[in-house]
Amino acid sequence: MTNEDVALEFEQIADLLEIKGESAFRVNNYRRAARTIDDLDEDLSEIAARNELPALPGVGKSIAAKIQELLDTGAMGFRAELTQEVPETVLTLLEIPGLGPKKAAALWQKKSIATLDRLKTAIEAGELGDLKGFGKKTLATILSGIEFLQRAVGRTRLGDALEAAADLCGAISKMEGVTRVEQAGSLRRGCETAGNIDLLCRAENGKAVVEQFTRIPGVSKILAVDDAWGSVLFEWRPRKTIQVDLRVASSVSFGPAWQYFTGSKTHNARLARLATERGLRLDETALVDVKTKRTLPAPDEEAVYRALDLPWIPPELREDRGEFEPGAPPADLLRPEHIRGDLHMHTVASDGRSTVEEMAEAARALGYQYICITDHSQSSTIANGLTPERLEGMIAEVREVDRKIADIEVWIGTEVDIRADGSLDYEDELLARLDFVVASIHSGLSKDLKTNTDRTIAAIHNPYVNAIGHPTGRMINARKPMQLDIEAICREAAAAGAALEINAGPYRLDLKDEHARLARDLGAMLVVCTDAHGAERLDRITYGVTTARRAWLRKQDVLNTRSAKEIKQFVQAKRT
DNA sequence: GCCGTTTTCGGCCCGACTGTTTTCAGTCG
């Protein structure tokens, strides 16, 4: 059980207690404990081994015992007791944007509503007319939220699916007779969410491999098996499952199988047609010469594409969005090693977990030339945003770290809030002293299209703003993007010389692939950054790179593939 | 439920936004 798992457990206990009607202070303390646990650098089990759990802020005798129980048994009796009174499913109501514990409590206590479906029918049947706090607008928001969530049902975020897939691949690679394991499907194509995890392994003893596959720890249900295929439900986090399909291919058919199971469907359909035109037949088992009925050797994907007179096409491009055209794929499609620095990250000064030095060391380990520290600005009080005075202090601190640490440039910037009226959260004089400025919207996301577009454009035109952070504010599977005229934003950014971020955070991936492609087409510069809140999160840049690749971005389309000197020129150009 | 003492109990994290509430509660970051 990871710290994150334990933190979530306590967060949900707080929710359940609040819905039950417990004292707000008791509830808050569980939330505080959850936050403490989530913010730890060290594994909880190590702290527990030293008997130091009660020393953690917000953790006393009672919670320490509950953590210990979780670590020892993977479950908590207290939670089980709670769910006797408040059904587990009530927690799904809290996923509706705009619906918190108080409203969930009212729905459960007054109307016995505990599921999304039931809530939806109750609203549609007008059953909630007499419930205080549930006016017309609120009900409309809730309905739209339910529909949003129901579309997300069964979709797992790319980051989570990739982590689960990496664990599974590790386990499968150790199995008897397996000589290769690869990811396939939407996961390999880098789609922002995955309905299932598609895996492919090379082995000649399919049945035995499938048999071992179904016994991997974490497999909670076997959905189907045959001699070369197994489908299971896998629990990648407590109470979170995803379907995993493993196919076994022999070495002769590995290429066609990997290609086929990577998809997409439309890409494969085009390939199959190209094969037919050449007198070949391509399916998941083989590439066959129709006339001679001879199976062409295809131990890898390159052989498949070569037989169709195509270059190998990167999986992220396999969406039938132009990848078959002459000149595609671009030779300089963005790759992780092109990234020379990260320009959006937080430290302990605001809501991060690591110090400036720790961020710098981690970035140096990634081989970066430069990073920019961009803590929150004063309006983001809950994120401990920096007052102008504290930012002054940070300027000095970062300059000092920059002097001390060799081989990497450490810059000072900010993630400055774009306020509701489009003004920024710091004066220009202060921004002018920074090396790089990211401007982001964190509040008032539900304002109308014009307001949001105008305030973003206002920020774009501030001479000291170099990038717009997470431009749409969406949270994958959790929050819709704000209303925004993306095209206008892209045009203005292109004209003003501001970059648009592809936020690499696996919950955000914002801009998303289609929008990033549009931005590039309209002449805007993109910048791929992690928005990391801890040194160990800097490596999530790969999610952003994947999104950029799905947007067909080349190295030259992405600002932070440039040298430190060129970045400084980019900043300077906008100021003068 | 935790914390910090005042060693036995009172206080506990902020501020904006939104909808509906005619004076503010609930949600969110």
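Counting just the residues of the range A:203-238 that are among the charged types (D, E, K, R) and closer than 13 Å to A:Glu176 by Cβ, which one comes out modelled with the lowest pLDDT? Step through it out loud before you land on a result.
Here is the first cut: in the range A:203-238, the ones among the charged types (D, E, K, R) are A:204, A:207, A:211, A:215, A:221, A:226-227, A:235, A:237.
Keeping just the survivors that are closer than 13 Å to A:Glu176 by Cβ gives A:204, A:207, A:211, A:215.
Details: A:Glu204: 91, A:Lys207: 94, A:Glu211: 95, A:Arg215: 96.
The residue in question is A:Glu204.
List every residue pair whose Cβ atoms lie under 9 Å apart, where the two residues are 6 or more positions apart in sequence or sit on different chains, the first residue falls within the range A:89-108 and is among the small types (Gly, Ala, Ser), and the second residue, located anywhere, is assigned to a helix (DSSP H, G or I) and within 7 Å of DNA strand B (Cβ to nearest atom). What qualifies is A:Gly98/A:Thr138; A:Gly98/A:Thr141. If you go through the range A:440-476 and pick out every residue that is crowded, with 18+ Cβ neighbours inside 10 Å, polar (S, T, N, Q) and within 14 Å of DNA strand B (Cβ to nearest atom), you end up with 3.
Of everything in the range A:20-40 that is under 19 Å from A:Pro238 (Cα atoms) and more than 8 Å from DNA strand B (Cβ to nearest atom), the residue that is nearest to the chain's Cα centre (by Cα) is A:Asp38. For the residues A:Arg537, A:Arg549, A:Arg520, A:Arg491, the requirement of being under 23 Å from A:Asp39 (Cβ atoms), part of a helix (DSSP H, G or I) and of a type in the set (Lys, Arg) singles out A:Arg537. The set of residues from the range A:405-434 being of a type in the set (Lys, Arg) and either in contact (Cβ under 8 Å) with a residue 40 or more places away in the chain or within 13 Å of A:Ile371 (Cα to Cα) (or both) comprises just one member, A:Arg419.
Taking the stated definitions as given, is A:Ser45 among the small types (Gly, Ala, Ser), more than 10 Å from DNA strand B (Cβ to nearest atom), assigned by TED's automatic domain parsing to the domain that holds A:Lys103 and farther than 21 Å from A:Leu91 by Cα? It is true that A:Ser45 is among the small types (Gly, Ala, Ser), more than 10 Å from DNA strand B (Cβ to nearest atom), assigned by TED's automatic domain parsing to the domain that holds A:Lys103 and farther than 21 Å from A:Leu91 by Cα.
Applying the condition of being surrounded by fewer than 18 Cβ atoms within 10 Å (Cβ to Cβ) and over 15 Å from A:Thr530 (Cα atoms) to the range A:338-357 and asking which residue is farthest from DNA strand B (Cβ to nearest atom) yields A:Glu357.
Do you know which residues across the range A:474-486 are in contact with a helix residue (DSSP H, G or I) (Cβ under 7 Å, 6 or more places away or on another chain) and either of a type in the set (Lys, Arg) or not in a loop (DSSP other than H, G, I, E, B) (or both)? A:Lys480, A:Ile486 - these are the residues of the range A:474-486 that are in contact with a helix residue (DSSP H, G or I) (Cβ under 7 Å, 6 or more places away or on another chain) and either of a type in the set (Lys, Arg) or not in a loop (DSSP other than H, G, I, E, B) (or both). Going through (1) touching a residue at least 60 places away in the same chain (Cβ under 8 Å); (2) in a loop (DSSP other than H, G, I, E, B); (3) β-branched (Val, Ile, Thr) one by one, A:Thr381 falls short only on (1). You will find that of A:Leu17, A:Leu70, A:Leu56, the residue that is farther than 22 Å from A:Arg537 by Cβ and within 12 Å of DNA strand B (Cβ to nearest atom) is A:Leu17 and no other.
Would you mind stating whether A:Ala64 is touching a helix residue (DSSP H, G or I) at 6+ places or on another chain (Cβ under 9 Å), within 19 Å of A:Arg353 (Cα to Cα) and near DNA strand B (Cβ under 8 Å from one of its atoms)?
Numbers: touching a helix residue (DSSP H, G or I) at 6+ places or on another chain (Cβ under 9 Å): yes; within 19 Å of A:Arg353 (Cα to Cα): no; near DNA strand B (Cβ under 8 Å from one of its atoms): yes.
No.
Scan the range A:415-432 for residues that are out of contact with any Leu (no Cβ under 6 Å at 6 or more places or on another chain) and buried (at least 16 other Cβ atoms within 10 Å of the Cβ) and report the count. Selection size over the range A:415-432: 10. Quick one: would you say A:Lys102 is exposed (fewer than 15 other Cβ atoms within 10 Å of the Cβ) and under 30 Å from A:Val153 (Cα atoms)? Yes.
The values are calculated or read from the model by the stated rules, or taken from the named source; none is laboratory data. As the structure is a prediction and not an experimental result, all values here were calculated from the model. With ideal geometry, Cβ positions are generated from the backbone for all residues, glycine too; neighbour counts draw on all protein chains shown.
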